[in-house]
Amino acid sequence: MRSANGFHFVPLQRFLLIILSLFIGALTHIAWDSLTHQSGWVVVQLPILSLPIIETSQVSIKVYKVLQYGSTLLGATLLLYWYLKWLKQAPSLSINALTPLSTQTKWLIIFSIGLSASFVAGIYGFVSKDPFTNLYSFYKFVGLTVVAGILCVFVELMIFSAFWHLNKLKHRELWLTKG
C-alpha cells in the first residue's frame with residue numbers, strides 16, 4: 001500500500017498560491033451559500049429558488065435544497081476523483097514505514113473511532129430534537145446526527161494525530177540521544 005510523502009508550504013510562491021486558493025474557496029463558498037440556503041441573498045431575490053420540487057404533508061424539498069445537496073455530492077465526487085488522480089502521481093513512501101502498527105491494530109483504531117463517533121452523534125441527535133412525530137422530525141434527527149458524527153470523527157482524528165506526532169517526536173529524540 002502507498003502513502004503520499006509529506007506536504008510542504010515552501011517556497012514562498014507555493015505558500016502564496018495556497019493563501020490565494022483558500023481566499024477564492026472562501027469567496028465561492030459564501031457566494032454558493034447565497035444560492036443554496038433559505039435566507040441566502042440570491043434565494044431571497046429569486047423566488048423561483050424557493051419553489052417546492054417535492055412536497056408532502058410533512059416535507060417540502062425546494063429548489064435551493066436540491067442545489068445544496070446536489071452540489072455537495074458533485075463536489076465530493078470531484079474531490080475524490082482529483083485526490084485519487086493526484087495520489088497516483090505523488091511520490092510515495094511505504095505505508096509500513098509511516099505506521100508500524102499491525103493491521104489488526106489499525107482496524108481496531110478505525111472501528112473505535114467510528115463506533116464512538118456514531119454513539120456520541122446518536123445521543124446528540126436524540127437529545128437535540130423533539131420525538132419523532134413526523135417525517136420532518138426524523139429528517140432533522142438524521143441531519144443533526146450526521147453533522148455531529150462528522151464533527152466527532154474530525155475531533156477524534158485530530159486527537160489521534162496529536163498523540164501520534166508527539167509519540168513520533170519522543171521516539172526521534174530517544175533515537176538522537178542514543179545515536
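Tell me the mean residue ellipticity at 222 nm calculated for the chain from its helices only (DSSP H runs of n ≥ 4, each -39500 (n - 2.57), averaged over every residue, nearest 500).
When only DSSP H runs of four or more count, the value is -25500 deg cm²/dmol.
Compare the Cα positions of GLN58, HIS8, PHE154 along the charge dipole of the chain (+1 at Cβ of Lys, Arg; -1 at Cβ of Asp, Glu; about the Cα centre) and return the one farthest towards the positive end.
Value computed over the given set: HIS8.
For each of ASP33, ASP130, count neighbouring Cβ atoms within 10 Å of the residue's Cβ, then give the residues from fewest to most.
Listed from fewest to most nearby Cβ atoms, that is ASP130, ASP33.
HN-Hα J couplings of the stretch 139-152 from phi, Karplus 6.51/-1.76/1.60, θ = phi - 60°, integer Hz, Gly and Pro as x?
Working through the residues one at a time gives 4, 5, 4, 4, x, 4, 5, 5, 4, 5, x, 4, 4, 4 Hz.
Give the angle, between 0 and 90 degrees and rounded to the nearest 10, that separates the Cα long axis of helix 63-89 from the longest principal axis of the Cα atoms of the chain.
That works out to roughly 20 degrees.
Which entries in LYS85/LYS170; LYS106/LYS129; LYS65/LYS140; LYS62/LYS129; LYS65/LYS129 show an alpha-carbon gap greater than 24 Å?
Too far apart for the 24 Å limit: LYS85/LYS170; LYS106/LYS129.
Give me the Å³ per residue figure for the convex hull around the C-alpha atoms of the stretch 21-71.
Taking only Cα atoms, the stretch 21-71 has a hull volume of 75 Å³ per residue.
Quick one: compute the contact order of the stretch 1-95, relative version, from alpha carbon pairs under 8 angstrom and 6+ residues apart, as a percent.
Relative contact order of the stretch 1-95: 37 percent.
With no solvent and one equal point scatterer per Cα, compute the Debye intensity ratio I(q)/I(0) for the chain at 0.10, 0.11, 0.12 Å⁻¹ and report its log10, rounded to two decimals.
For the chain, the Cα-only Debye profile gives -0.68, -0.81, -0.93.
Give the long-range amide H neighbours of LYS62: residues separated by 5 or more places, or on another chain, with amide H under 5 Å away, using H modelled in the peptide plane at 1.01 Å from N.
Amide H neighbours of LYS62, under 5 Å, 5+ apart: ILE53.
Return the sequence-ordered ³J(HN,Hα) values of the stretch 9-14 in whole Hz as given by the Karplus equation 6.51 cos²θ - 1.76 cosθ + 1.60 applied to θ = phi - 60°, using x for Gly and Pro.
Running phi through 6.51 cos²θ - 1.76 cosθ + 1.60 with θ = phi - 60° gives 9, 9, x, 4, 4, 5 Hz.
Semi-axes, largest first, in whole Å: what does sqrt of 5 times each Cα gyration tensor eigenvalue give for the stretch 1-95?
One finds semi-axes of 38, 19, 8 Å for the stretch 1-95.
Computed from the coordinates by the stated procedures, all read-outs in this text should not be read as laboratory data. Just so we're clear, the structure is a prediction, and the values are computed from it rather than from any experiment. For neighbour counting, all protein chains shown are included, and Cβ atoms are generated from backbone atoms with ideal geometry for every residue, glycine included.
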